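Reading through the structure tokens given below for one structure.
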Amino acid sequence: MLLKAEVPLVYSAFRMSGFAPSQICLQWITQCFWNYLDWIEICHYIATCVLLGPDYQVYICIAVFKHLQQDILQHTQTQDLQVFLKEEALHGFRVSDYFEYMEILQQNYRPVLLRDMQNIRVQST
């Protein structure tokens, strides 16, 4: 929902490639961005999510997709998007560069996103 609204070209690229952006986000988050971000950015990711809330995991993923938009569009054309996103480091991404953007996402989506996250947690127990 957020990707479609915020980065529609990336959303379309995923649709054309035939796999869900949630697959990539899940891999990044479960690995805590290990092997994708520099150590200091992993620390910034963890601190941001701990201090500002679990919904920031989603906002950071959206920010990464926004950061990679041109690369994503290029790899969609060469039909290796999934390999690119699963195997390449996230070059040049800095949490601090997207902090204002993530604050806007939080203002726009937090109530819905936290409710959905709560519902997922309740359903899985």
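Let's see how each residue does on (1) β-branched (Val, Ile, Thr); (2) within 27 Å of Gln107 (Cβ to Cβ):
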| position | (1), (2) |
| --- | --- |
| Leu9 | no, yes |
| Gln23 | no, no |
| Ile46 | yes, yes |
| Phe84 | no, no |
| Leu90 | no, yes |
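Among the residues of region 26-40, is any surrounded by fewer than 12 Cβ atoms within 10 Å (Cβ to Cβ) and in contact with a helix residue (DSSP H, G or I) (Cβ under 8 Å, 6 or more places away or on another chain)? Scanning region 26-40 turns up at least one residue that is surrounded by fewer than 12 Cβ atoms within 10 Å (Cβ to Cβ) and in contact with a helix residue (DSSP H, G or I) (Cβ under 8 Å, 6 or more places away or on another chain).
Can you tell me which residue is most open to solvent (accessible area, probe 1.4 Å) among those in region 53-67 that are out of contact with any Asp or Glu (no Cβ under 9 Å at 6 or more places or on another chain) and not β-branched (Val, Ile, Thr)?
Across region 53-67, the extreme among qualifying residues is Pro54.
I need the full set of residues from region 86-98 which are aliphatic (A, V, I, L, M) and closer than 17 Å to Tyr59 by Cα, in order please. Passing the criteria: Leu90, Val95. Residue-level check: of (1) among the small types (Gly, Ala, Ser); (2) open to solvent by less than 50 Å² (accessible area, probe 1.4 Å); (3) modelled with pLDDT of 95 or more, Ser96 misses just (2). Evaluation of Ala89 against the conditions (1) open to solvent by 20 Å² or more (accessible area, probe 1.4 Å); (2) part of a helix (DSSP H, G or I); (3) touching a Phe, Trp or Tyr at 6+ places or on another chain (Cβ under 9 Å) shows that the sole unmet condition is (2).
Within the bounds of region 37-44, is there any residue that is assigned to a helix (DSSP H, G or I), modelled with pLDDT of 95 or more, out of contact with any strand residue (DSSP E or B) (no Cβ under 8 Å at 6 or more places or on another chain) and within 19 Å of Lys4 (Cβ to Cβ)?
No - not one qualifying residue is present in region 37-44.
The values are calculated or read from the model by the stated rules, or taken from the named source; none is laboratory data. No experiment lies behind these values; they were computed from the predicted model shown. FYI the Cβ positions are ideal-geometry reconstructions off the backbone, even for glycines, and counts take in every protein chain you see. Each accessible area value is taken on the protein alone, full model and side chains, heavy atoms only, with ligands, DNA and RNA left out. Shrake-Rupley method; radii C 1.70, N 1.55, O 1.52, S 1.80 Å.
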